[in-house]
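Just passing along the structure, written as structure tokens.
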Amino acid sequence: PILTPEYDLLFIGATAAARAAAIEAVNLQARVALVLPQLADERLHPQRDFYPYALARIANTHRIERTRLQQPTSYPWKYAEAAIDRLDRQCSPAMLAAMGVDTIVGMGEFCRRPHLAFNIENRSLRARAYLIATGTISHYPLIPGIQAAGYMVLDRLPSLVVGVASLKENRQIPLRWAIVGSESVGVELAQTLAKLGCRVALIVETERILPYEDPDLTNLIQAQLEADGVEIYLETIVTNVDMENRAKLVTLGDETIAVDEIFIALPDRPRLESFNLLGVGVDYTEKGISIDNKLQTSHQQIYACGGVCGNVLGGYHSQSLTEYEAKIAVRNALSWRKTKIDYNSYQNLPWAVYTDPPLARVGMTLSMATNSNRRDRIVLQSYLKDSPQAILNGINSGFCQIIVTPNGRILGAEIFGHNAPELIQTLAISIHNRLNIADLTTVPCLSPSYTEFIYQTAQEWHRYQRQQRQKLTWIERLCWWK
């Protein structure tokens, strides 16, 4: 007999994107179930990517000032843990159930016969379509001796304070840290730990930190990290890790440094559990699940999105990219009319590195424009220190550059300075709606405000046009005016 599927959509993944996609499907009046692949002794944080950000914001808010001889306290970590718990509760199984999402916790796998389903223990879940959004898991390094010595990854950071019953209780936090890798989370955490009074060594194999960003901007971030006390090792490889008197000895060529903890900030790998993907005909590699431009896998009923497919934004895994893909996958799974994703449009999604001050960008960067040999690009630049809000607040650092075409179309922008993640949203909306750079100069701007920084940079467009008109002959000027 032909059985009617129990659900319209079945989501697999304990990630924020999977939960956001489930809510999107419920809003479209679909019958939805969400499977959280979770072991009995495992504690998953859907909002784990926000942990370094929460820790940094709390450290800045409390203005912790410590010398290197003092032992860092654990209460900033506990406050960060409490903040992440509040975020997790917003999409908890109880909250999802109230919205109409059936939540099932446990490990399971796909089965093909007698019909396609996802089995969890003794229960067989059937749906018209399935969406895999399990995200990524931290990379496990192949460094001699590091497995025996032990190390930290993003998933394990909350374990430093797990088990503390009260925020008033204290637990020793490692004083000396070695952060290995050039991922943005490593750069953010290095600065935060230094502000919390830790000794931090940032070790990267590349010639500069944040290799996917423009060199001028990474130099500014590197200078800020060094001013905060971070010791940076460029073009350096960790060759060995040993233990001696409870200290971890990290060998860097001819040099050895002693640390209390090692944090790995290498690129994450797709979280491919034992879902029996090959058994149902889903193709995948070490880089992730293979999908087409409709986010369908090799099985027409199974979709996948985000980090589990190896998709990145500007070189990094991005939660905004994953959630964007998840919503497209939901609509494709529920409708016969499929939406094709243009992967070139991913550049128009904003991205930020939450250092202090932060770096944010959207669209094409100056390095991308240079590598693509675009001769028609124009770079408009300004400094935050010249805006009224920065002068009133005593801010002396900050930089903005907007890349436009000769006719004023915005290709991309980069901002380094206070409130950069908020400011970049204005330019992201402008690019999405195909606004001209001249349109930004006509929008009324509140003063004093940080938004004036965008207006100030856009004004450089008129200065550029005046310079170009001065180079014209009198005949060309007459034609231009006409």
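So, in the range 198-220, exactly how many residues are more than 14 Å from GLY186 (Cβ to Cβ) and loosely packed, with under 15 Cβ neighbours inside 10 Å?
Number of matching residues: 4.
Quick check: is even one residue across the range 383-399 polar (S, T, N, Q), more than 21 Å from GLN222 (Cβ to Cβ), touching a residue at least 24 places away in the same chain (Cβ under 8 Å) and part of a loop (DSSP other than H, G, I, E, B)?
Checking the range 383-399: at least one residue is polar (S, T, N, Q), more than 21 Å from GLN222 (Cβ to Cβ), touching a residue at least 24 places away in the same chain (Cβ under 8 Å) and part of a loop (DSSP other than H, G, I, E, B).
Would you mention how many residues in the range 261-296 are farther than 23 Å from VAL330 by Cβ, over 27 Å from the mean Cα position of the chain (by Cα) and surrounded by 15 or more Cβ atoms within 10 Å (Cβ to Cβ)?
Residues flagged as farther than 23 Å from VAL330 by Cβ, over 27 Å from the mean Cα position of the chain (by Cα) and surrounded by 15 or more Cβ atoms within 10 Å (Cβ to Cβ) within the range 261-296 amount to 1.
I've got another one for you. Can you name every residue in the range 50-71 that is crowded, with 20+ Cβ neighbours inside 10 Å and either at pLDDT below 75 or under 30 Å from ILE120 (Cα atoms) (or both)?
ILE58, ALA59
Give the number of residues within the range 221-237 that are surrounded by fewer than 19 Cβ atoms within 10 Å (Cβ to Cβ), of a type in the set (A, V, I, L, M, F, W, C) and closer than 14 Å to PHE399 by Cβ.
1
Please state which of the following conditions LEU217 fails to meet, knowing it meets all the rest: (1) more than 30 Å from ALA352 (Cβ to Cβ); (2) modelled with pLDDT under 90.
(1) is the only condition that LEU217 fails.
Which residues, taken from the range 388-415, are among the hydroxyl-bearing types (Ser, Thr, Tyr) and out of contact with any Pro (no Cβ under 8 Å at 6 or more places or on another chain)?
Matches in the range 388-415: THR405 only.
Could you list, in sequence order, the residues of the range 90-122 that are within 11 Å of LEU10 (Cβ to Cβ), in contact with a strand residue (DSSP E or B) (Cβ under 6 Å, 6 or more places away or on another chain) and assigned to a loop (DSSP other than H, G, I, E, B)?
GLY108
Yes or no, residue by residue, for (1) of a type outside the set (Lys, Arg); (2) closer than 30 Å to ASN240 by Cβ; (3) over 24 Å from the mean Cα position of the chain (by Cα); (4) surrounded by 15 or more Cβ atoms within 10 Å (Cβ to Cβ):
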residue	(1), (2), (3), (4)
ASP85	yes, no, no, no
CYS91	yes, no, no, yes
THR103	yes, no, yes, yes
GLY106	yes, no, yes, no
GLY135	yes, no, no, yes
TYR140	yes, yes, no, no
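The values are calculated or read from the model by the stated rules, or taken from the named source; none is laboratory data. Quantities reported herein were computed from a predicted structural model and do not represent experimental measurements. Every residue, glycine among them, receives a Cβ derived from its backbone with ideal geometry; neighbour counts consider all protein chains shown.
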